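First the structure, in the form of structure tokens, and then the observations on it.
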Amino acid sequence: MSTPSNEEWIESLVASTLALPSDDGTTNFYLAESDASRSFQTTYEERLRSLRAHLKRTALGNLVLIGEAAGWRGARQSGVAFTSAPDAGLAGTREASATVVQGVLEQSGLAATTLLWNALPAHPHKVGAPMTNRTPTNRELAIGENALSIAIDSRFVICVGQKAARAVSAVLDNEVRGISASTPSIRALAIRHPSFGGASQFRKEFAACLTHWNF
């Protein structure tokens, strides 16, 4: 079987993402209908361009960070996981977790090549309240599995938070554990999410993953 080209990989991942449905409590912010609420400054076209630019930049990288789902302060406006709109050259707010992640990537020299993705590349929110976040259901995470499998293919995977770890475990059909339970052959590890006071532990465990894989 031939290996897909970078362009084929990008288009496959974009197509899988665009196929995700929206409903009253989940918004696929890459679709035109996501601009109906007029709650955010960016447009779906800007977010999709931002996503494509990120995928093109990181297509040859071998590391991916997987989050749970898009948050309204970050990816919902920027189009890229763990990224605030201003960091993508767009108007919008800054997200605390995104700031921590971007800082760690810059310090490690991996910002330009690391793919940033969410197990659910859409925004789960309270019904009628687009500027809120909620935890995605298992059903919603399952809907994102096709895109997730494309995103993590042939890369070392750092799962940021337990929901992300469970989603990747389902795709790999193998439990993803923390760095303390790792072996040299494992290519997917789970670390602490930087939110709710977890920034210091996130940084420590991220560094441990890089050491483990000799990055």
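The values are calculated or read from the model by the stated rules, or taken from the named source; none is laboratory data. Please read all numbers here as calculations on a predicted model, not as lab measurements. Glycine also receives a Cβ, built like all others from the backbone with ideal geometry; neighbour counts cover every protein chain displayed.
The table below lists the values:
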| item | result |
| --- | --- |
| Filtered residue count, region 120-163, keeping only those that are in a helix (DSSP H, G or I) and either more than 20 Å from LEU20 (Cβ to Cβ) or touching a helix residue (DSSP H, G or I) at 6+ places or on another chain (Cβ under 9 Å) (or both) | 13 |
| So ALA19, is it modelled with pLDDT of 95 or more and of a type in the set (A, V, I, L, M) | yes |
| Inter-residue pairs, beta-carbon under 8 Å, first among the aliphatic types (A, V, I, L, M) and in region 19-41, second crowded, with 18+ Cβ neighbours inside 10 Å and assigned to a loop (DSSP other than H, G, I, E, B), 6+ apart | LEU20/ASN28; LEU20/PRO121; LEU20/ALA122; LEU20/GLY144 |
| Qualifying positions in region 112-141 - over 14 Å from ARG76 (Cα atoms), over 14 Å from the mean Cα position of the chain (by Cα) and surrounded by 15 or more Cβ atoms within 10 Å (Cβ to Cβ) | GLU140 |
| For SER34: the one exception among (1) outside any helix (DSSP H, G or I); (2) farther than 23 Å from SER149 by Cα; (3) out of contact with any Asp or Glu (no Cβ under 9 Å at 6 or more places or on another chain) | (1) |
| Every residue from region 143-183 that is of a type in the set (A, V, I, L, M, F, W, C) and under 15 Å from ALA70 (Cα atoms) | ILE143, ALA147, LEU148, CYS159, VAL160, ALA164, ALA167 |
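Okay, residues lined up against (1) modelled with pLDDT of 95 or more; (2) more than 11 Å from ILE158 (Cβ to Cβ); (3) touching a Ser or Thr at 6+ places or on another chain (Cβ under 8 Å); (4) assigned to a loop (DSSP other than H, G, I, E, B):
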| position | (1), (2), (3), (4) |
| --- | --- |
| VAL171 | yes, yes, yes, no |
| ASN174 | no, yes, no, yes |
| SER180 | no, yes, no, no |
| THR183 | no, yes, no, yes |
| ILE186 | no, yes, no, yes |
| ALA190 | yes, no, no, no |
| SER200 | yes, yes, no, no |
| ARG203 | yes, yes, no, no |
| PHE206 | yes, no, yes, no |
